[in-house]
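**Student:** Structure incoming, see below.
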Amino acid sequence: MALAVVRSLGAPRRLSTTQELEDFEQELVDQYLLAAVGAGLGDSVVGNDRAVLFEFMRFLGRPIWTAQPHDADRFLTHQRKDLGRARTTVQHKAWAIGHFFDFVLARYQGDVHTLTGCVVGQPIDEYNRPAKADYGQPRIPPSDEEVEHLFSSWRDSLEHKRKFLIAARDYLAASLWRRAGLRIRETYMLDIRDWRRDLGEFGKLHVRFGKGSRGRGAKTRLVPAINQVAELLDWWLIDVRHQFGDDWQDPDAPLLPSERDDPHTGCCRRACDQALRDGLGVATARWLPDWVGRLTPHTLRHYCASSLYARGMDLKAIQDILGHEWLSTTTRYIHVQDDHVEHAWTVANQRVAARLGQ
């Protein structure tokens, strides 16, 4: 019985057939994705990178190691102009291709030259690499008066709702976006045990499913229940949550339950993100119609950052509340009034005058 030929990336021999070239190309991609898994990237990030690489390979129409900067120019232009992709989508695709070629250059450029005779270059260079800045449309939040009108009207209407429990749940979720700056996934993944009234002066929310960098798992944080969050959660757990079902004493039960029970356990299901979005959408259409289609959970997260800053909270504290890794990210969430510069100048002069007077 003959043994099959086992080929590795380090085998110093020329590739001659089309099948061998395709197999080698596949191996390069597989090795890159294996390294990404080893680095701790999540399945979604690895899957997205794989899809981008194969899309680029199909567009190129020849082995990927032959790609040049002008090929990347054509690909990125095709994404923006012909396919109408969002700018951030094109940005992430360019980054995925660039990371892959960084990997090949660092580990396998010698093997590629030996096996194919081709010198690998980086097609994503300083001229076509999209900047890291978020150059989409900024999420400018509503004014304080508009937000207060929305939530006060929403709160006053709860007792008259036919489905009081669902309306109260949606109101609580939106209040957490407005007052604590939670992301929507961080909100619906909260369990009852995540409300820690015993921690700190105000109590704290244990956010266990914060957004991690490039899919590197969930990033946890403790969010102080300032800005009336403690009072809202006390109202919810004392007056409302037990009406959903008998699991209200189970610390692992969802804090924000669905109106339907799990057929297997008989306990409340967890509310989904779309249900919470719909609740905000209905309330916005009724009490803030000018913001229909524009007021989203993430816009309320921007409002939370802006309102805390306007009340004097420093940027580092807001960064900790929002769970941002970089302070530069937090600054993009701060939207100030037109007279902010003039007001800051006046306050600064008052501080200087007070010191001189002393």
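The values are calculated or read from the model by the stated rules, or taken from the named source; none is laboratory data. Small disclaimer: the values here were computed from a predicted structure and weren't measured. In this analysis, Cβ positions are derived from the backbone assuming ideal geometry, glycine residues included, and neighbour counts consider all displayed protein chains.
**Student:** Which residues, taken from the stretch 315-326, are at pLDDT 90 or above and either in a helix (DSSP H, G or I) or at negative phi (or both)?
**Tutor:** Residues satisfying the conditions are Leu315, Lys316, Ala317, Ile318, Gln319, Asp320, Ile321, Leu322, His324.
**Student:** Next question, about the same structure. Out of all the residues in the stretch 187-242, which are β-branched (Val, Ile, Thr) and under 29 Å from Trp95 (Cβ atoms)?
**Tutor:** Here is the first cut: in the stretch 187-242, the residues β-branched (Val, Ile, Thr) are 187, 192, 207, 220, 223, 226, 229, 238, 240.
Across the stretch 187-242, the qualifying residues are Thr187, Val207, Thr220.
**Student:** Can you name the condition, by its number, that Cys268 falls short on among (1) over 29 Å from Ile140 (Cβ atoms); (2) modelled with pLDDT of 90 or more; (3) under 28 Å from the mean Cα position of the chain (by Cα)?
**Tutor:** Failed condition: (2).
**Student:** Quick one: Asn227 ticks every box in (1) of a type outside the set (D, E, K, R); (2) in a helix (DSSP H, G or I); (3) in contact (Cβ under 8 Å) with a residue 60 or more places away in the chain bar one, so which box is it?
**Tutor:** (2)
**Student:** Additional query: Would you tally the residues in the stretch 267-314 being in contact with a Phe, Trp or Tyr (Cβ under 8 Å, 6 or more places away or on another chain), surrounded by fewer than 19 Cβ atoms within 10 Å (Cβ to Cβ) and either outside any helix (DSSP H, G or I) or without any contact (Cβ under 8 Å) to a residue 60 or more places away in the chain (or both)?
**Tutor:** Going through the stretch 267-314 one residue at a time, the tally reaches 2.
**Student:** Within the stretch 156-176, which residues are among the polar types (S, T, N, Q) and closer than 18 Å to Leu237 by Cα? So that I can check it myself, show each step before the final result.
**Tutor:** The initial filter retains those residues of the stretch 156-176 that are among the polar types (S, T, N, Q), namely 157, 175.
Of everything in the stretch 156-176, just one residue is among the polar types (S, T, N, Q) and closer than 18 Å to Leu237 by Cα, namely Ser175.
**Student:** Pairs, please: C-beta under 9 Å, at least 6 apart or cross-chain, first residue part of a helix (DSSP H, G or I) and at pLDDT below 95 and in the stretch 234-253, second among the hydroxyl-bearing types (Ser, Thr, Tyr) and loosely packed, with under 14 Cβ neighbours inside 10 Å?
**Tutor:** Within 9 Å, the pairs are Asp247/Thr265.
**Student:** Could I ask something else about it? Name, by its number, the condition in (1) touching a helix residue (DSSP H, G or I) at 6+ places or on another chain (Cβ under 8 Å); (2) under 28 Å from Met313 (Cα atoms); (3) assigned to a loop (DSSP other than H, G, I, E, B) that does not hold for Arg221.
**Tutor:** For Arg221, the failing item is (3).
**Student:** While we're on this one: Could you go through the stretch 234-253 and let me know if any residue there is within 27 Å of the chain's Cα centre (by Cα), surrounded by 14 or more Cβ atoms within 10 Å (Cβ to Cβ), within 15 Å of Val147 (Cβ to Cβ) and outside the structural domain of Ala39 (by TED's automatic domain parsing).
**Tutor:** no
**Student:** Give me a count of the residues in the stretch 320-333 that are more than 15 Å from the chain's Cα centre (by Cα), of a type outside the set (Val, Ile, Thr) and surrounded by 13 or more Cβ atoms within 10 Å (Cβ to Cβ).
**Tutor:** 1
**Student:** Here are Asp273, Asp262: which of them is more than 22 Å from Arg332 (Cα to Cα) and touching a helix residue (DSSP H, G or I) at 6+ places or on another chain (Cβ under 9 Å)?
**Tutor:** On the way: Asp262 fails: touching a helix residue (DSSP H, G or I) at 6+ places or on another chain (Cβ under 9 Å).
Matching residue, one of Asp273, Asp262: Asp273.
**Student:** Hey, another quick one. When you go through Phe75, Phe101, Phe59 one by one, which is the residue that is surrounded by fewer than 17 Cβ atoms within 10 Å (Cβ to Cβ) and either assigned by TED's automatic domain parsing to the domain that holds Ala305 or at pLDDT 90 or above (or both)? So that I can check it myself, show each step before the final result.
**Tutor:** Numbers: Phe75 fails: surrounded by fewer than 17 Cβ atoms within 10 Å (Cβ to Cβ); Phe101 fails: surrounded by fewer than 17 Cβ atoms within 10 Å (Cβ to Cβ).
Result of the check over Phe75, Phe101, Phe59: Phe59.
**Student:** When you go through Val46, Val6 one by one, which is the residue that is in a helix (DSSP H, G or I) and at pLDDT below 90?
**Tutor:** On the way: Val6 fails: in a helix (DSSP H, G or I).
None of the others qualify; the one that does is Val46.
**Student:** Where residues in the stretch 84-121 are without any contact (Cβ under 8 Å) to a residue 40 or more places away in the chain and assigned to a loop (DSSP other than H, G, I, E, B), which of them is nearest to Val45 (Cα to Cα)?
**Tutor:** Filtering the stretch 84-121 for residues that are without any contact (Cβ under 8 Å) to a residue 40 or more places away in the chain and assigned to a loop (DSSP other than H, G, I, E, B), the one nearest to Val45 (Cα to Cα) comes out as Arg85.
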